[in-house]
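Got a structure here, written out as structure tokens. Questions coming.
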Amino acid sequence: MSKKTDSNSYTIIFSVGMVLIVGSLLAFLASYFKPTIDENKRIEKQQNILYAMGVNENEEGSVTFISKDVVGENFSKYITKQLVIQGGAISENDQAYLIDIKKQQTLAKEGEDRLFPLFIGEKDGKTFYVAPIRGKGLWDAIWAYVAMDENMVIQGAYFDHKGETAGLGANIKLRFFMDDFTGEHLLSDGQFKGIDVSKSNNDPKNEDKMDNQVDAIAGATITGDGVSAMIKSELRNYVSYFKNLKTN
Amino acid sequence: MEHIELFFKSIFIDNMVFATFLGMCSYLAVSKKVATAVGLGAAVIFVLAVTVPLNWLLDQYLLQEGALAWLGSEYAEYDLSFLSFIMFIATIATMVQLVEIIVEKFSPSLYNSLGIFLPLIAVNCAILGGSLFMQSREIPSLGLALTYGVGSGIGWFLAILAIAAIREKIRYSNVPPALRGLGITFIITGLMAIGFMSFGGMLTGGDEEKKEKTTEVIVSSKLEKSTEVKKIDINEKSDTKEVAENIKEIEK
Amino acid sequence: MGLLSKKDAKLITDPLTDNNPITIQVLGICSALAITAELNASIVMAVSVLFVLGVGNVVISLMRNIIPSKIRIIVQLIVVATLVIIVDLVLKAFAYELSKTLGAFIGLIITNCIIMGRFEAFALGNGPWKSFLDGIGNAVGYGVILIIVGFFRELLGAGTLLGFKVLGDPIEKTGLYAIGYENNGFMLLAPMALIVVGILIWVQRSRNPALIEEN
């Protein structure tokens, strides 16, 4: 290193220069890619919601969404109504699927009345109610789209995560886990019980759909607990909506 | 109380070394002598205790989406989180530089024995990991961020202290030549990690449902005893497609 | 390898064995343990490190004469962080699914001691071409260990490789499971990664006694 690089003034000039160059490079790239990335996120949400409803291209054991080019039209076709529940009031909003659940949860923590989106879809004569939920896994956030019928029996679910461990917590996205939820009852004798991701369920083919339990994933205890907690605390909020559905 | 729970959680359950394997490089290289390990561990506690709260402030008021609202409402839209890494690293590097100067002044012998690993604290996954976890787990207050930083540091310190003590002791053991040094350290650390898994039963349950789960038997694994191979009982329920395992440590 | 001189070729082959970043230099351990429960993830990580280390080594080497000595480490960190963020942004825009797999590892790449270690040990003192080779060599050495550990952990822990059930179906009891074999779920847990690496070190030093540490 030549003497010149040791002087304080050089160091300062260099740092400032570096910060400016790196800062502007990253800011430029971030804003340049933002529209594309946001679009990808939007499409993904649509794909996830349709997936939970059963509108997907699943083969053998894979998770395959409707392709990006047709997702827009499929979304309008299958999703008939998008509701937003706030406080006691229900309103319609066809951009409801874009609501950021993370922000809503923060609002709720601050004591505000948060929004609860609910997407209503129709397929083969059946009505699906899809709710977006969010929770905490081991490392970072986990979220899901849960499709239910009017009795809060799960018709399909899609789970995702930000940073769970590959091969362990990340396996909540795999068919064998998500498929377990289909047919599971959230209610028990009219009471909301949620679903427990449990190590003692011992029902690998998930034949018992009324036990409010599914098998846990080996090595992914905390992620599994996160899923249970997420389902319990989030879906509980929709119980009054479904109760009202029944009485109307 | 929240703080106490977070404190114990970050030392034992989310232990930086045994649960998330952060900071392994310096951990493995510096743990040959207890004295150096203590020095490095103390430095790590200090750096974590300072950088996690500092980065929390940065995240709250600069980086998060909507964080800049205090500047004016037109700035509320900005999301500078992509700069998180760089800003966190900058605070960490600065802090480490400070620590380096202090250590050199007050204990030149420690400074020499730590060598390259003192400045390498800046890259230590544990330090950056501490700040990143603080951000992703959305720790809500400055006080909790401080608790988390100190707790994580102490957890790391305990780990490196334990392994250094064990390594000093096994210098007189008959380790197979090819396993000597690095190899046996890996295996011992693995065994200690298994031991620490027993803490997972402590303080389980989410925020709302604290008392619902029954806590598993907490095996107090005295760290000095970890050289004995623990008998691990692995029950694999044969029908589960996701193998639900029970790992019980038989030691009372 | 007609392109590379003998010395240059050594830059690539040394880290594969005698100077392996994980088993000898003791670098890059964190990620080697954290993501090797699945072979697929190990491969993705290895490729990402290959890219970041290769390009990073070249960038640092090109900058080596203008970096002020006082903020050397910070500058290196910034270069790595910037490269990784760029990779993340590009993936998010053009290969969204893949970026989600990688997203978790981004933080791990930045603090991967191998990258900083090679910057310090090599790129700061050598020309760009040699630094590139050194970067590639170390990344491959790292990748090899990752893949071996990932291979064993996924195979013994879940009975699959790259997601494909290779030992039969554990629920339907076909293949190996028909005779009573069970997955060792424990292999999926992190402590076993430590032990597997320990065994790899054992094997490596048994084959090359020159690497054995004195007592």
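The values are calculated or read from the model by the stated rules, or taken from the named source; none is laboratory data. These figures come from a predicted structure and were not determined experimentally. Counting neighbours? That spans all protein chains shown, and the Cβs are built from the backbone with ideal geometry, glycine included. Please note that ligands, DNA and RNA were not included when accessible areas were found on the heavy atoms of the full protein model with its side chains. Shrake-Rupley method; radii C 1.70, N 1.55, O 1.52, S 1.80 Å.
Kindly check whether there is at least one residue in region A:187-201 that is open to solvent by 10 Å² or more (accessible area, probe 1.4 Å), in a loop (DSSP other than H, G, I, E, B), in contact with a Ser or Thr (Cβ under 8 Å, 6 or more places away or on another chain) and within 16 Å of A:Ile133 (Cα to Cα).
The answer is no, given that none of the residues of region A:187-201 is open to solvent by 10 Å² or more (accessible area, probe 1.4 Å), in a loop (DSSP other than H, G, I, E, B), in contact with a Ser or Thr (Cβ under 8 Å, 6 or more places away or on another chain) and within 16 Å of A:Ile133 (Cα to Cα).
Taking the condition of being within 12 Å of another protein chain (Cβ to nearest Cβ), not in a helix (DSSP H, G or I) and not basic (Lys, Arg), how many residues in region B:1-38 meet it?
Going through region B:1-38 one residue at a time, the tally reaches 11.
Rundown of residues vs (1) more than 9 Å from every other protein chain (Cβ to nearest Cβ); (2) open to solvent by less than 10 Å² (accessible area, probe 1.4 Å); (3) over 16 Å from the mean Cα position of the chain (by Cα); (4) aliphatic (A, V, I, L, M), yes/no style:
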{"site": "A:Tyr129", "(1), (2), (3), (4)": "yes, no, no, no"}
{"site": "A:Gly137", "(1), (2), (3), (4)": "yes, no, no, no"}
{"site": "A:Tyr145", "(1), (2), (3), (4)": "yes, no, no, no"}
{"site": "A:Asn151", "(1), (2), (3), (4)": "yes, no, yes, no"}
{"site": "A:Tyr158", "(1), (2), (3), (4)": "yes, yes, no, no"}
{"site": "A:Gly169", "(1), (2), (3), (4)": "yes, yes, no, no"}
{"site": "A:Ile172", "(1), (2), (3), (4)": "yes, yes, no, yes"}
{"site": "A:Phe176", "(1), (2), (3), (4)": "no, no, yes, no"}
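Return yes or no: is B:Ile89 assigned to a helix (DSSP H, G or I) and closer than 30 Å to B:Leu63 by Cα?
On the way: assigned to a helix (DSSP H, G or I): yes; closer than 30 Å to B:Leu63 by Cα: yes.
Considered against the rule, which asks whether it is assigned to a helix (DSSP H, G or I) and closer than 30 Å to B:Leu63 by Cα, B:Ile89 comes out as yes.
Now a separate question. Looking only at region C:163-211, count how many residues are within 23 Å of the chain's Cα centre (by Cα), more than 17 Å from A:Thr165 (Cβ to Cβ) and either more than 7 Å from every other protein chain (Cβ to nearest Cβ) or open to solvent by 20 Å² or more (accessible area, probe 1.4 Å) (or both).
Total meeting the criteria: 11.
Turning to a different aspect of this structure: Among the candidates C:Ile12, C:Ile24, which residue alone is surrounded by 17 or more Cβ atoms within 10 Å (Cβ to Cβ) and in contact with a helix residue (DSSP H, G or I) (Cβ under 6 Å, 6 or more places away or on another chain)?
Exactly one residue qualifies, and that residue is C:Ile12.
Any chance region A:79-95 includes a residue that's open to solvent by less than 50 Å² (accessible area, probe 1.4 Å) and under 28 Å from B:Ser136 (Cα atoms)?
So far as region A:79-95 goes, yes, one or more of its residues are open to solvent by less than 50 Å² (accessible area, probe 1.4 Å) and under 28 Å from B:Ser136 (Cα atoms).
Restricting the first residue to region C:151-163 and requiring it to be under 13 Å from C:Val196 (Cα atoms), which pairs with a second residue that is at pLDDT 85 or above and not in a helix (DSSP H, G or I) meet a Cβ separation below 9 Å and a spacing of at least six or different chains?
none
Restricting to region A:90-111, count the residues that are in contact with a helix residue (DSSP H, G or I) (Cβ under 9 Å, 6 or more places away or on another chain) and either at pLDDT below 85 or of a type in the set (A, V, I, L, M, F, W, C) (or both).
Of the residues in region A:90-111, 3 are in contact with a helix residue (DSSP H, G or I) (Cβ under 9 Å, 6 or more places away or on another chain) and either at pLDDT below 85 or of a type in the set (A, V, I, L, M, F, W, C) (or both).
Let me ask another. Could you say whether any residue in region C:184-194 is touching a Phe, Trp or Tyr at 6+ places or on another chain (Cβ under 8 Å), over 30 Å from B:Ser173 (Cβ atoms) and touching a residue at least 12 places away in the same chain (Cβ under 8 Å)?
No.
Same structure, new question: Please enumerate the residues belonging to region B:13-45 that are at pLDDT 85 or above and crowded, with 20+ Cβ neighbours inside 10 Å.
B:Gly41, B:Val44
Within the set of pairs 6 or more residues apart or between chains, which connect a residue that is under 18 Å from C:Arg205 (Cα atoms) inside region B:162-179 to a residue that is buried (at least 16 other Cβ atoms within 10 Å of the Cβ) and β-branched (Val, Ile, Thr) with Cβ atoms less than 8 Å apart?
Here the result reads B:Val175/B:Ile184; B:Pro177/C:Ile212; B:Ala178/C:Ile201; B:Ala178/C:Ile212; B:Leu179/B:Ile187; B:Leu179/C:Ile201, each pair linking region B:162-179 to a residue that is buried (at least 16 other Cβ atoms within 10 Å of the Cβ) and β-branched (Val, Ile, Thr).
Can you confirm whether region A:208-215 contains a residue that is facing another protein chain (nearest Cβ under 8 Å) and open to solvent by 20 Å² or more (accessible area, probe 1.4 Å)? Give the derivation first.
First, the residues of region A:208-215 that are facing another protein chain (nearest Cβ under 8 Å): A:215.
Okay, now just the ones that are also open to solvent by 20 Å² or more (accessible area, probe 1.4 Å), so none.
No, region A:208-215 has no match at all.
Can you tell me which of B:Ser152, B:Ser131, B:Ser136 is within 11 Å of chain C (Cβ to nearest Cβ), closer than 20 Å to B:Glu2 by Cα, touching a residue at least 40 places away in the same chain (Cβ under 8 Å) and hydroxyl-bearing (Ser, Thr, Tyr)?
Being within 11 Å of chain C (Cβ to nearest Cβ), closer than 20 Å to B:Glu2 by Cα, touching a residue at least 40 places away in the same chain (Cβ under 8 Å) and hydroxyl-bearing (Ser, Thr, Tyr) holds for just one of B:Ser152, B:Ser131, B:Ser136, which is B:Ser131.
Just to be sure I understand, how many residues within region B:160-184 are closer than 30 Å to B:Arg137 by Cβ and within 12 Å of chain C (Cβ to nearest Cβ)? Lay out the reasoning, then the answer.
Taking region B:160-184 as the starting set, the residues that turn out to be closer than 30 Å to B:Arg137 by Cβ are B:160-164.
From the residues that got through so far, the ones that are within 12 Å of chain C (Cβ to nearest Cβ) too are B:163.
Matching residues across region B:160-184 total 1.
Residue check, C:Ala139 against (1) modelled with pLDDT of 90 or more; (2) open to solvent by 20 Å² or more (accessible area, probe 1.4 Å), all met but one. Which one?
(2)
Continuing with the same structure: Taking only pairs six or more apart or across chains, which ones have beta-carbon atoms under 9 Å, a first residue in region A:31-53 that is among the acidic types (Asp, Glu), and a second residue that is outside any helix (DSSP H, G or I) and surrounded by 14 or more Cβ atoms within 10 Å (Cβ to Cβ)?
Close Cβ pairs satisfying both conditions: A:Glu44/A:Phe65; A:Glu44/A:Asp160.
Answer yes or no as to whether C:Ser48 is away from every other protein chain (no Cβ under 11 Å), under 19 Å from the mean Cα position of the chain (by Cα) and polar (S, T, N, Q).
yes
Hey, can you tell me all the residues within region C:154-178 that are of a type in the set (A, V, I, L, M) and either part of a helix (DSSP H, G or I) or at pLDDT 75 or above (or both)?
C:Leu155, C:Leu156, C:Ala158, C:Leu161, C:Leu162, C:Val166, C:Leu167, C:Leu176, C:Ala178, listed by residue number.
When C:Phe132 is evaluated against the numbered criteria (1) without any contact (Cβ under 8 Å) to a residue 60 or more places away in the chain; (2) more than 9 Å from chain A (Cβ to nearest Cβ), which criterion, by number, is the only one it fails?
(1)
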